[in-house]
Amino acid sequence: MTLIHCDGLPDAPEAYLAETGFFDIAHPVVRRFTDAAVGDAADARTRAVRLFYAVRDRIRYDPYNITYEPPAYRASAVIEAGYGWCVPKAALLAACARAAGIPSAIGLADVVNHLTTEKLKARMGGVNVFYDHGYTALHLDGRWLKVVPAFNIELCERFGVRPTEFDGTSDALYQPFDVHDRRHMEYLADHGTWSDLPLDKIKSDFAIHYPQSLARAAARAGHTEADRFEDDARRERE
């Protein structure tokens, strides 16, 4: 499938139901995850809502474990890993939506997290701007909605973040303030939507904005599985 990019939201939803390289919707792992989440939901809106919460809460948000290896971004791989940052989680929701018969796309935006931890800010080179933040576009009841399934409920409760909620009728984007009314997320720019994950664009943009992350990912790619297990265990302790 040819990668389609729209400056805004797509015009032809029927073109956004196909399987792609990253949206491997026929994979048994994706089918099982989707079927378990959807359950007996008969209408598209209910299916979309159930899928949103399944991806939000069953896939742990992890901004420290970033790779640029394409196989890791396939929907089936994200499910098997059980964690991901905003981009793979948004791509997973898009894939599951297509598996449930809902047209979907992945979008990218730039956001500021005013409550970024010092640890994460240090890993991002001292900035609190998240370039190419991933969101999902879902086509429901004749219109497109933007939704963000990134922060799982346990993380929100731990850090006092307002969880993003989705009812299938309105956009579900990051919250501008946390539970203490401190400024939280601020949207700077929206780069539009794609019919499949534009990983090459993300990698190129990150080379400009987060050059250290590429070096870290390359070093990590050379680790043994035992090394990776130790890295993950250390992160959990932190």
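If you plug each phi of the stretch 4-15 into the Karplus form 6.51 cos²θ - 1.76 cosθ + 1.60 with θ = phi - 60°, what whole-Hz ³J(HN,Hα) values come out, in order, with x for Gly and Pro? Per-residue couplings from phi come out as 10, 10, 10, 5, x, 9, x, 8, 10, x, 5, 7 Hz.
Rolling a 1.4 angstrom probe over the protein heavy atoms with all chains in place gives the chain an accessible area of 46 Å² per residue.
Nonpolar atom fraction for the stretch 128-218, defined as the carbon and sulfur part of the 1.4 Å probe accessible area, stands at 51 percent. Averaging Cα coordinates gives a centre for the stretch 79-94 and one for the stretch 1-39; these two points are 13 Å apart. Helices in the chain, meaning DSSP H runs of at least 4 residues, each add -39500 (n - 2.57). Divided by all residues, the mean residue ellipticity at 222 nm is -12000 deg cm²/dmol.
The magnitude of the dipole of the chain, with charges of +1 and -1 set on the Cβ of Lys/Arg and Asp/Glu and taken from the Cα centre, is near 380 debye. In the calculated pair-distance distribution of the stretch 80-190, the portion above 21 angstrom amounts to 37 percent of the Cα-Cα pairs.
By the Cα gyration tensor, the stretch 24-71 has an equivalent ellipsoid whose semi-axes, rounded to whole angstrom, run 24, 14, 8 from largest to smallest.
Scalar couplings 3J(HN,Hα) for the stretch 167-180, obtained by applying the Karplus form with A = 6.51, B = -1.76, C = 1.60 to θ = phi - 60°, are 10, x, 10, 9, 4, 10, 9, 4, 7, x, 9, 8, 5, 9 Hz; x denotes Gly and Pro.
Applying the criteria of a DSSP loop state and at most 14 other Cβ atoms within 10 Å to the GluC sites (Glu not before Pro) of the stretch 111-177 yields Glu165. Of Cys96, Cys86, Cys156, which is the most mobile in a GNM of the chain whose springs link Cα atoms less than 10 angstrom apart? So, out of Cys96, Cys86, Cys156, the one fluctuating most is Cys156.
When volume of the Cα convex hull per residue in Å³ is computed from the coordinates, the matching label among (i) 153; (ii) 123; (iii) 199 is (ii). Note on the stretch 158-216: dipole from Cβ charges, positive end direction compared against Ile202, Leu173, Leu188; the farthest Cα belongs to Ile202. Scanning residues 5 or more positions from Leu140 or on other chains, those with amide H under 5 Å from its amide H are Leu145, with H placed 1.01 Å from N in the peptide plane.
Given a 1.4 Å probe and the protein chains as shown, Ile208 ends up with an accessible area of around 120 Å².
For the stretch 190-198, putting each phi into the Karplus relation 6.51 cos²θ - 1.76 cosθ + 1.60 with θ = phi - 60° gives couplings of 10, 9, x, 10, 10, 7, 8, 5, x Hz, in residue order, rounded to whole numbers and with x for Gly and Pro.
Separation of the stretch 173-210 from the stretch 95-133 is 4 Å, based on Cα centroids. Once the Cα atoms are used to define both axes, helix 199-209 deviates from the longest principal axis of the chain by about 30 degrees.
The values are calculated or read from the model by the stated rules, or taken from the named source; none is laboratory data. As the structure is a prediction and not an experimental result, all values here were calculated from the model. Here the Cβ is made from the backbone with ideal geometry for all residues, glycine too, and neighbour counts use every protein chain on show. We work out accessible area using only protein heavy atoms, side chains counted, and drop any ligands, DNA or RNA first. Shrake-Rupley method; radii C 1.70, N 1.55, O 1.52, S 1.80 Å.
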